[in-house]
Amino acid sequence: MKKLINFSNIVSLLSLIITTVLFFFMIHLDIIPVFYLIFLGLVIYGLNGLGTLFLKNKKRLWNIIGGILLLIISVISGVLIFYFIKTNHFFNQSFDNASNIYKTTYYIVAKENSSYKKIQDIENKTLNYYEGETYIEKATSFLDKVLSYNENNYSNIGLMLEDMNQNKIELILISKTSYDLVFNIDTSMEKKNYKIIYQFDIKNKMKIEKTKTKDIFNIYIGGRDFTNANMDFNMIITMNTKTQQVLLTSIPRDYYIEVDGYNKKDTLSYMGALGITTNMKSLEKFLDIPIDYYVSIDTLGLVSLVNELGGINYCSDFEYTTTHALILDSYDDTKGQKLHVKKGCQHINGIEALTIARERKSIQGGDRKRQENCQEILIDILEQMKGFKTLTNYNNILNSISDLYETTIPKSVIKKIIKDTIHNKGTWNVQKQVLDGEDTKDCVHMTSLIDWVMIPNMDTVNQAKEKIRQITRQ
């Protein structure tokens, strides 16, 4: 009898320790509202006490029931502790994790039939560059430490490239983004006729302002393309945690607005080469709103997350075949199969979601519709994350989310959103809007190169600004 009492005391103590550890993690994680926390505490410790009473009962049947009850409580608590530990690690790793270092790659380029093969061959030669190139002063300062050379700058990048094609100049210094852009704009030029003699990176520090946790805030979301320079997806998320309202404002990639700090205009896509804070500050001034945080989304992370979720649902108002192929890290659409999208709803995997998010040429509405598709994809990803598959594949999904983005959002903000969502039983009122404009051509990439741009339709801009103000005033 004494052995049985000692055994019951050990089992009761172990169960109490495990559930106390669980309760500690629930408090430490700080995502459960106080009311639910008190309720869960009463349930956990109440069941522990009941199981202990059964164990100490003189009847064997009650002992068995008490032991089974405490075992079930301990196992469930252990599983929950695992989830809480993973979640806490995710919060620490995945929020307010933005790097303030932005990299710009530069090339020294020559004609393919030239005799230049390596950096030593350029010693004391003339390097030609466009004076308005991104961070060109830092690039030339770096080269000053590597070799001796002569400088010749152009005020027009188009003229510089024309002179090179006519063999008037032999070597040019150009950023990777400009180099790729040239061949996208001028299809008469082929990369096979040129070669990269030398490549180096310039690192630039971006100012990241720390902001406090707020009830009402705006988040800029920028989605980078395969070059990791162009910002092809642009959205402002306005959140009011007091009224449980969310407003998604999408802005076309070709929107032509003033670039913060440069006294020039460029598209949102191309100004991404200057760093995401430039996009954020430019939109902040253009829309006359404070933007508190940003999220920079990576294309590979998006594909991985959608696949881990088992795919998402996408509905189309019409049937179409994408101009982009089902490929990653390349703009060469001859390398892969195109995606045929049916009219109506369908289940899509990661690469299909990315291809639809990129598509704008074969759909009615062009880039405006593309932004709407991106909104739908984002919303359905959040819906799928509520499902049972998230629990069964929790660790992989958290890892995929961690690889999806960099952000300045503090974990305290995310925890508050989760806590408010639990408190209000997930009832967020989500509204959407898309800015519009007129397509034309103008100078892009802070150069004299001409490409497609979109002149903002100020009626849609003013309507959007007013709607954002309505959400933030309530």
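Points to keep in mind about this one:
- Only one of the listed residues (Ser448, Ser412) is surrounded by fewer than 18 Cβ atoms within 10 Å (Cβ to Cβ), within 23 Å of the chain's Cα centre (by Cα) and either farther than 30 Å from Tyr130 by Cα or not β-branched (Val, Ile, Thr) (or both). That residue is Ser412.
- Hey, Thr472 farther than 21 Å from Asp367 by Cβ and touching a strand residue (DSSP E or B) at 6+ places or on another chain (Cβ under 8 Å) or not: yes
- Residues that are modelled with pLDDT of 90 or more, out of contact with any Phe, Trp or Tyr (no Cβ under 7 Å at 6 or more places or on another chain) and open to solvent by 60 Å² or more (accessible area, probe 1.4 Å), drawn from segment 92-122: Asn113, Ser115, Lys117, Lys118, Gln120
- Leading residue by the ranking (nearest to Glu133 (Cα to Cα)) among those in segment 415-435 that are open to solvent by 50 Å² or more (accessible area, probe 1.4 Å) and among the charged types (D, E, K, R): Lys432
- Restricted to segment 107-204, the set of strands (runs of 3 or more DSSP E) holding at least 1 residues that are in contact with a Lys or Arg (Cβ under 8 Å, 6 or more places away or on another chain) comprises 150-154, 171-175.
- From the options Glu137, Glu133, residue that is under 27 Å from Ile450 (Cα atoms), surrounded by fewer than 12 Cβ atoms within 10 Å (Cβ to Cβ), charged (D, E, K, R) and at pLDDT below 95: Glu137
- Selection status of Ile219, without any contact (Cβ under 8 Å) to a residue 60 or more places away in the chain, outside any helix (DSSP H, G or I) and closer than 17 Å to Lys432 by Cβ: no
- Only one of the listed residues (Thr187, Thr140, Thr134, Thr126) is within 30 Å of Thr407 (Cβ to Cβ) and polar (S, T, N, Q). That residue is Thr134.
- Candidate set from segment 332-369 (those that are farther than 24 Å from Met235 by Cα and touching a Leu at 6+ places or on another chain (Cβ under 9 Å)); member that is surrounded by the fewest Cβ atoms within 10 Å (Cβ to Cβ): Gln337
- Top-ranked residue of segment 237-260 - restricted to ones that are within 17 Å of the chain's Cα centre (by Cα) and of a type in the set (Ser, Thr, Tyr), ranked as farthest from Asp451 (Cα to Cα): Thr238
- Candidates Thr177, Thr187 - the one that is among the polar types (S, T, N, Q), at pLDDT below 95 and open to solvent by 80 Å² or more (accessible area, probe 1.4 Å): Thr187
- Scan of segment 314-325 for residues that are among the hydrophobic types (A, V, I, L, M, F, W, C) and open to solvent by 50 Å² or more (accessible area, probe 1.4 Å), ordered by number: Cys315
- Scanning segment 225-239 for residues that are surrounded by fewer than 20 Cβ atoms within 10 Å (Cβ to Cβ), in contact (Cβ under 8 Å) with a residue 60 or more places away in the chain and in contact with a strand residue (DSSP E or B) (Cβ under 8 Å, 6 or more places away or on another chain) returns a single hit, Asp225.
- Test set (1) under 21 Å from the mean Cα position of the chain (by Cα); (2) open to solvent by 70 Å² or more (accessible area, probe 1.4 Å); (3) on the phi < 0 side of the Ramachandran plot - Asp329 fails condition number: (3)
- Positions within segment 288-313 being out of contact with any Lys or Arg (no Cβ under 9 Å at 6 or more places or on another chain), surrounded by 20 or more Cβ atoms within 10 Å (Cβ to Cβ) and not hydrophobic (A, V, I, L, M, F, W, C), in sequence order: Tyr293, Tyr294
The values are calculated or read from the model by the stated rules, or taken from the named source; none is laboratory data. Bear in mind the structure is a predicted one, so any value in this text is a computation, not a measurement. Neighbour counts are summed over all protein chains in view; Cβ atoms, including those assigned to glycine, are modelled from backbone coordinates with ideal geometry. Accessible surface areas use protein heavy atoms only, side chains included; no ligands, DNA or RNA. Shrake-Rupley method; radii C 1.70, N 1.55, O 1.52, S 1.80 Å.
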